[in-house]
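A short write-up of the structure that comes next.
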Amino acid sequence: MSAVAEMPIAAPAARKAGNWLLVATVILLSVWVLLPIYLLMVNALSSPEEVTAFPKRFFPSFDFGSLSFFINFAGVGRALWNSVLVATLTMILSIGFGAPAGYALSRFDFPGKGTFRFLVLMTRAFPLPLLALPLAVMFIRTGLDDTAIGLALVHTTLALPFAVLITFSLFSGIPVELEEAAWTLGCTRLQAFRKVILPLALPGIAASAVFAFTISWNEVFAAAVLTIENRTLTAFLLQSLGESPLYLKFAGGAALVIPALIFIFAVRKYLFAMWGIANR
Amino acid sequence: MAEIAIKQVAKRFGGFTALHSIDLTIADQEFMVLLGASGCGKTTLLRIVAGLETPSQGEVWIGGRRVDHLPPRDRGIAMVFQNYAVFPHLTVFENIAFGLRMKKLPQQEVERRVTRTAELMHIEQLLKRYSGQLSGGQRQRVAVARALAMEPDVILMDEPLSNLDALLRLEMRAELKGVLAASKTTTIYVTHDQVEAMSLADRIAVMHQGRIVQAASPVEVYRNPAARFVGSFIGNPPMNCIPATKTGNGSWTVAGLTLPGPKSDKHRIEFAIRPEDVDAGDEGLHATVRVVEPLGPHTLVTCDVEGGLFRAILESSAAIAVGDHLRLAPKADRIRWFDPETTNAL
Amino acid sequence: MHGKALPYLLLMPATLFLCVFFLYPFALVAFEAFTRDGGFTLDNFRTMTGNWKFPVAFWNTILLAAIVVPIQLVMALLMATVVSRLETGRGAALYIFAIPLGISDLAAGLIWLAIFDQSGFLNTLLSNLGLVDRPVMFLGYQSKLTIFVAVVLAEIWRATAIMMVILVAGIGLIPREYHEAAEVFGASPWKRFVKITLPLLRPSLQTAIILRVILAFEVFAVVAALGGTNFPVLMGETYNWQFSLQDRNVAAAFALLILAISVGLTLFFLRVLRVPKEARI
């Protein structure tokens with residue numbers, strides 16, 4: 001498996017040293033990733049006085065003062081709800097539009113296929129949150145300004161290319177013969193999709209849905225530009241950065257991070273397959 | 001009763017022609033093998049019969065019904081795929097029952113048919129397993145059982161044995177032959193393996209570059225190849241082909257031997273003979289031995305004849321050494337003559 | 001098979017969506033950037049470049065990308081190599097390394113704020129070690145350098161994962177036989193990395209770099225959380241012009257500039273790191 005393990009047994013000392021170096025590197029890198037999150041959590045799980053005090057303790061006091069202040073702060077509940085709403089809409093829209101396209105790309109050869117792929121890949125070269133600027137005007141005209149659906153539409157432009165490419169690779173991974181076998185066994189195209197392809201693709205589709213949800217949940221710029229009354233959690237936190245006390249910021253940061261940790265954990269099996277293939 | 005008639009079926013992919021106007025009729029209960037090298041169009045033809053591919057032109061009839069515009073499910077066919085296509089999310093039982101449930105058969109009938117075909121294919125102990133827990137050979141059995149359970153008029157098989165190892169392939173081949181003969185369905189079976197084709201087929205259709213070169217019984221295809229391609233593709237080692245020069249009306253000289261042959265206005269044609277159809281003697285083709293390979297019952301001798309390679313399968317008893325000059329006498333009734341331009345038999 | 005229209009029908013929603021919410025807005029941005037009160041003008045760009053904050057924001061963004069991306073590339077390669085050599089705990093290490101991928105840039109900024117804030121953990125550590133008498137103001141308006149360092153660290157922390165994941169997937173595509181063959185011919189682990197892994201990884205490197213560079217020019221929330229207005233960047237200025245200064249034409253000019261840089265760099269890396277089709281795995 002590893003090059004280290006393949007080295008001749010003649011040099012056990014060097015091999016052992018190599019293994020130690022490997023383990024030490026992994027631990028060091030893990031600490032680099034985890035320690036900052038831990039420190040944020042220490043703050044979130046301390047009382048407001050402890051958060052602003054100096055010097056600080058490196059362990060949480062498990063005082064829920066900061067968190068309850070955050071939850072009861074005017075507008076937070078609504079912002080949380082808006083974040084969930086927008087992310088759910090984004091998830092539905094991007095899978096609803098993206099999965100059929102991914103299926104078409106994986107199963108058919110047709111003129112225009114290359115153009116469509118190019119359109120999808122082109123979104124990569126553009127900083128998509130900037131789209132919020134012109135769309136702000138368009139939304140005011142169409143009455144979509146400051147609505148969850150309006151923001152979800154912008155977030156869908158972020159998530160849709162991923163949904164297309166991920167579902168494309170998912171469907172491509174399911175042999176066409178399974179579908180054809182279903183046709184010869186009496187299925188219509190739709191029945192074959194429902195009875196054979198969907199059950200096999202469902203875990204992957206769920207993972208890409210979670211991915212779309214996360215993209216929307218985390219997005220700051222477009223959310224801040226497009227929402228005023230109906231702010232999402234990120235927009236709320238960004239716009240109150242200047243005036244809000246530290247403990248509010250840290251509790252808010254924790255509220256953003258914890259769902260993200262769960263999302264990444266939920267899709268960990270697909271993370272690499274999704275990104276690896278989606279990014280070729 | 002399901003006779004299959006393929007009428008002037010052609011298939012083009014963009015500028016590439018995969019099939020040139022194919023005509024082929026397969027009788028009810030006949031076992032037809034489509035044989036050819038990869039890319040010859042045999043799988044495309046099978047998929048057109050199945051309805052998985054639309055022909056660019058032509059008609060397909062099954063059991064007296066024109067089916068080329070029908071989807072696969074309405075054609076009364078069942079198919080076994082090269083990679084078996086056993087549904088991984090269903091148990092073996094549900095795999096075999098899949099088509100029956102689509103037909104909305106009563107549960108009792110479904111169970112009866114699944115049990116019967118599972119017994120037939122010796123997989124009754126595997127019914128509760130999933131595809132991931134099965135070996136290649138077992139998956140193959142599930143795929144065949146799933147097709148048989150449909151009690152179809154026609155079974156289509158696309159290289160069903162090619163993913164099995166040699167020993168298993170031999171075993172499955174014999175079993176398939178028995179099971180399919182008993183089921184009395186019409187079968188089209190695609191393979192690139194000539195031995196498989198010879199052993200299974202009632203008739204073999206040899207395909208080459210999108211055309212059927214010859215459709216005949218295995219013996220006929222072997223003995224009387226209709227074209228040079230058939231002679232060289234079937235048989236191992238392949239048929240020998242060497243140039244013949246005209247010496248008179250219906251008389252030809254081949255490597256120093258004068259033989260009676262077809263009447264032709266061509267000056268040069270090709271003489272062809274299978275390696276086992278020559279004997280070493282005092283008369284015959286002038287040959288110089290290059291390689292001698294004793295194979296047990298026979299000896300394979302590769303010679304130089306007229307500057308080209310010529311293989312002969314001779315009695316082991318003959319003492320032959322490299323560099324010997326031999327005279328190889330062809331058996332008169334086994335000689336074939338080919339037109340060098342069209343490569344067809346004369 | 002049946003119905004040539006089916007694939008188009010399936011692609012229609014996504015295509016229409018991208019036309020309305022991707023292509024059309026970009027046309028709009030360009031239009032707004034070049035007009036004012038209905039007439040064509042370059043004034044928006046003059047206003048943009050004429051503002052005293054513009055050169056600062058421009059160079060801050062460039063400098064940030066130039067420092068962060070190469071460090072991230074090296075770290076991502078290190079993470080990917082280390083992970084691919086692990087025999088036990090591979091899944092756990094991958095999950096930990098990938099965590100920042102799911103974390104919002106705003107949250108990342110707040111995480112590092114907990115460290116760099118005046119009453120934060122870095123000051124606590126320094127004072128516990130007796131290195132400082134009283135807490136240092138790392139993120140004040142006079143401490144541009146420490147703000148920059150904090151932003152660099154937060155960016156490295158946050159966005160290395162995305163490159164790592166692409167590279168891990170890429171390394172997984174390289175057949176082991178190549179390494180074994182190189183080993184048989186006597187190549188050391190370092191030689192194998194340089195001569196086998198890196199060249200074969202080029203397509204993945206290309207994607208990872210392009211994606212990361214574009215993200216680097218979108219840097220916004222991390223800076224907002226750590227530096228506030230003390231550390232202007234292009235995306236932040238865009239936001240300011242749109243909101244605080246209420247001039248969307250100039251905001252559009254900023255957007256167009258960021259766009260032009262992103263597209264230009266994408267084309268640059270596509271060309272420089274091009275892999276001929278025949279040389280791919």
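Comparison of B:D193, B:D158, B:D202 shows that the only residue that is of a type outside the set (F, W, Y) and open to solvent by less than 20 Å² (accessible area, probe 1.4 Å) is B:D158. What's the total number of residues in region C:1-31 that are at pLDDT 90 or above, over 30 Å from the mean Cα position of the chain (by Cα) and surrounded by fewer than 13 Cβ atoms within 10 Å (Cβ to Cβ)? Result for region C:1-31: 1.
Given the options C:L267, C:L273, C:L245, C:L256, name the one that is under 27 Å from C:G140 (Cα atoms), open to solvent by 30 Å² or more (accessible area, probe 1.4 Å) and of a type in the set (A, V, I, L, M, F, W, C). That would be C:L245, the only listed residue that is under 27 Å from C:G140 (Cα atoms), open to solvent by 30 Å² or more (accessible area, probe 1.4 Å) and of a type in the set (A, V, I, L, M, F, W, C). Is one or more of the residues making up region C:238-249 more than 24 Å from C:V151 (Cα to Cα), of a type outside the set (V, I, T) and part of a helix (DSSP H, G or I)? Yes, region C:238-249 contains at least one residue that is more than 24 Å from C:V151 (Cα to Cα), of a type outside the set (V, I, T) and part of a helix (DSSP H, G or I).
Here's the yes/no breakdown for (1) closer than 22 Å to C:G109 by Cα; (2) surrounded by fewer than 23 Cβ atoms within 10 Å (Cβ to Cβ); (3) facing another protein chain (nearest Cβ under 10 Å):
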{"site": "A:E179", "(1), (2), (3)": "no, yes, yes"}
{"site": "A:A207", "(1), (2), (3)": "no, yes, no"}
{"site": "A:L226", "(1), (2), (3)": "yes, no, no"}
{"site": "A:L241", "(1), (2), (3)": "yes, yes, yes"}
{"site": "A:K249", "(1), (2), (3)": "yes, no, yes"}
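Suppose we keep only residues that are β-branched (V, I, T) and in a helix (DSSP H, G or I) within region A:181-205. Which one would you say is surrounded by the most Cβ atoms within 10 Å (Cβ to Cβ)? So, considering only residues that are β-branched (V, I, T) and in a helix (DSSP H, G or I), the one surrounded by the most Cβ atoms within 10 Å (Cβ to Cβ) is A:T184. Where helices (runs of 4 or more DSSP H) sit wholly within region C:58-161, none has at least 2 residues that are in contact with an Asp or Glu (Cβ under 8 Å, 6 or more places away or on another chain), touching a residue at least 24 places away in the same chain (Cβ under 8 Å) and not hydrophobic (A, V, I, L, M, F, W, C).
Filtering region B:7-23 to residues that are open to solvent by 10 Å² or more (accessible area, probe 1.4 Å), touching a residue at least 12 places away in the same chain (Cβ under 8 Å) and either of a type outside the set (G, A, S) or outside any strand (DSSP E or B) (or both) leaves B:K7, B:Q8, B:K11, B:R12, B:T17, B:H20, B:D23. Pairs linking a residue in region A:110-128 that is on the phi > 0 side of the Ramachandran plot to a residue that is open to solvent by 50 Å² or more (accessible area, probe 1.4 Å), with Cβ atoms under 9 Å and 6 or more positions apart or on different chains, are A:G112/C:Y8.
Whether a residue is open to solvent by less than 10 Å² (accessible area, probe 1.4 Å), hydroxyl-bearing (S, T, Y) and closer than 30 Å to B:A143 by Cα was assessed, and A:T167 passes this test.
Residues checked against (1) surrounded by 22 or more Cβ atoms within 10 Å (Cβ to Cβ); (2) over 22 Å from B:K11 (Cβ atoms):
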residue	(1), (2)
B:A181	no, yes
B:K184	no, yes
B:V206	yes, no
B:S217	no, yes
B:R223	no, yes
B:R228	yes, yes
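Condition (residue is assigned to a helix (DSSP H, G or I) and under 18 Å from C:V56 (Cα atoms)) applied to region C:262-273: is it met by at least one residue? Within region C:262-273, none of the residues are assigned to a helix (DSSP H, G or I) and under 18 Å from C:V56 (Cα atoms).
Regarding B:F271, is this residue closer than 30 Å to B:M207 by Cα, among the aromatic types (F, W, Y) and part of a helix (DSSP H, G or I)? No.
Does any residue of region C:32-55 turn out to be more than 30 Å from C:V136 (Cβ to Cβ), open to solvent by 50 Å² or more (accessible area, probe 1.4 Å), of a type in the set (S, T, Y) and within 13 Å of another protein chain (Cβ to nearest Cβ)? No; the residues of region C:32-55 include none that is more than 30 Å from C:V136 (Cβ to Cβ), open to solvent by 50 Å² or more (accessible area, probe 1.4 Å), of a type in the set (S, T, Y) and within 13 Å of another protein chain (Cβ to nearest Cβ). Of all residues in region B:194-240, those satisfying the criterion of being over 11 Å from the mean Cα position of the chain (by Cα), part of a helix (DSSP H, G or I) and touching a residue at least 60 places away in the same chain (Cβ under 8 Å) are B:R223, B:R228, B:F229, B:G231. For B:A255, the stated conditions hold: it is touching a Leu at 6+ places or on another chain (Cβ under 6 Å), surrounded by 15 or more Cβ atoms within 10 Å (Cβ to Cβ), at pLDDT below 95 and not assigned by TED's automatic domain parsing to the domain that holds B:L52.
The set of residues in region A:135-158 being in contact with an Asp or Glu (Cβ under 6 Å, 6 or more places away or on another chain) and away from every other protein chain (no Cβ under 11 Å) consists of A:D146 alone. Quick test for you: out of C:A108, C:A80, pick the one residue that is in contact with a Pro (Cβ under 9 Å, 6 or more places away or on another chain) and among the aliphatic types (A, V, I, L, M). Of C:A108, C:A80, the one residue that is in contact with a Pro (Cβ under 9 Å, 6 or more places away or on another chain) and among the aliphatic types (A, V, I, L, M) is C:A108.
The values are calculated or read from the model by the stated rules, or taken from the named source; none is laboratory data. Small disclaimer: the values here were computed from a predicted structure and weren't measured. Quick reminder, even Gly has a Cβ in these numbers, built from the backbone with ideal geometry, and neighbours come from all protein chains shown. For the accessible areas, the whole protein counts, side chains as well, though only heavy atoms, and no ligand, DNA or RNA atoms are used. Shrake-Rupley method; radii C 1.70, N 1.55, O 1.52, S 1.80 Å.
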